[in-house]
Amino acid sequence: MARKHLLANIGAQPTKPAESAEKGESRVEYARRGASRSMMQSLDDLAENSMRVLEGDVVVALDPETLDPSPYQDRIGEDLAKDQELLEAIKEAGQHQPVLVRPNPNDSNRHIIVFGHRRVRVAKKLGQKVRAVIKPLEEIAHVIAQGQENSARDDLSFIEKSLYARRLQESGIDKGTIKSALTVDDTLLSRMLSVAETVPAPILDALGAAKGIGRDRWEDLKKTVQAPAKSAQALELVQSDAFTELDEADRFGFLLEKLKASGSRKPKKQSPAEKAWSLSDDSVKVSTKDSGKAFTLALKAKDASQFGAYLSRRLERLYQEFQENGEEGGD
């Protein structure tokens, strides 16, 4: 059954005779009608808010000191610049958008923030109460509400979403719920979890939120540090003064560039080992070159041609003896 508007009859005007609506209507009467429309709009808003209160979606003022953070962290660090912008806006015009909280099951005097952590931090700094909506959400609904609210604002970076997804999975939240919370498909969720699980934690901590770094570049870093030597090098780089002195926005590019540059260098070729000696009182001079994959033997003697042919005919047998006995064979 349709609900009756609580204030439907407030401000209603009696029907005027048709003859009163003439072209010569005065400016005063026109303004009066405009004021009536504004009043009716305000009354409509008031009525809508009244219906929301009846449905349990009531906005209340809470002490920010009684609000606990969500157990599912979805941000890396704090954005001080954005916090300051929000503080100035709320200080000037007040908090228009309420935060969402749920009762703390372990303490009836406290609530858990579902979303709106930044607004709560600002309220603490201003020393004022925070406007909030209280909903008795279950854990699954909490996850979905928190994730979808942040995804809708599109201000979480790729790695923040990836680490959030990993934390949810480690908490026992099923993948279907995680996909709903982050509004992603199976393929993207798999990539997000792969990055969060492959890149070592100290590297993730050092890189921070990495705003503006998308999944392709994170995939590139993940593949690079899968090599143990590269992973070790990355750990050394994030602890270097050159890295820590950079702004957070520049650290990812610095790290990946250094890892790629060191990997592009080709190993220096070693000169082949050379040896020379004589046989039979210098009647035969022998020289060899050994590069590892190739071995060259050169003979100089009066009968070098015949001796070389003699060796060539016996190479098959000599090689078989080598395989059977190794370097000690044939003695």
### At 0.692 mPa s and 37 °C, Stokes diffusion of the range 182-316 via Kirkwood alpha-carbon radius, µm² per second
165
### Summary
Expected vector for the range 126-136, Karplus 3J(HN,Hα) from phi with 6.51, -1.76, 1.60 and θ = phi - 60°, integer Hz, x for Gly and Pro, equals 7, x, 10, 6, 10, 6, 8, 10, 9, 10, x
### Message
Report, in listed order, any pair from LYS258/LYS289; LYS161/LYS260; LYS179/LYS223; LYS82/LYS260 with a Cα-Cα distance greater than 28 Å.
### Response
LYS258/LYS289; LYS82/LYS260
### Residue-by-residue Karplus 3J(HN,Hα) for the range 90-103, coefficients 6.51, -1.76, 1.60, Hz, glycine and proline x
5, 5, 7, 10, x, 8, 7, 9, x, 8, 10, 10, 10, x
### Task
May I ask you to evaluate 6.51 cos²θ - 1.76 cosθ + 1.60, the Karplus curve with θ = phi - 60°, for each residue of the range 295-311 and list the ³J(HN,Hα) values in order in whole Hz, giving x for glycine and proline?
10, 10, 10, 10, 10, 10, 6, 4, 9, 4, 5, 5, 5, x, 5, 4, 5
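We did not get these values from a lab; they are worked out from the coordinates using the rules stated. Everything numeric here is computed off the predicted structure, so don't read it as measured data.
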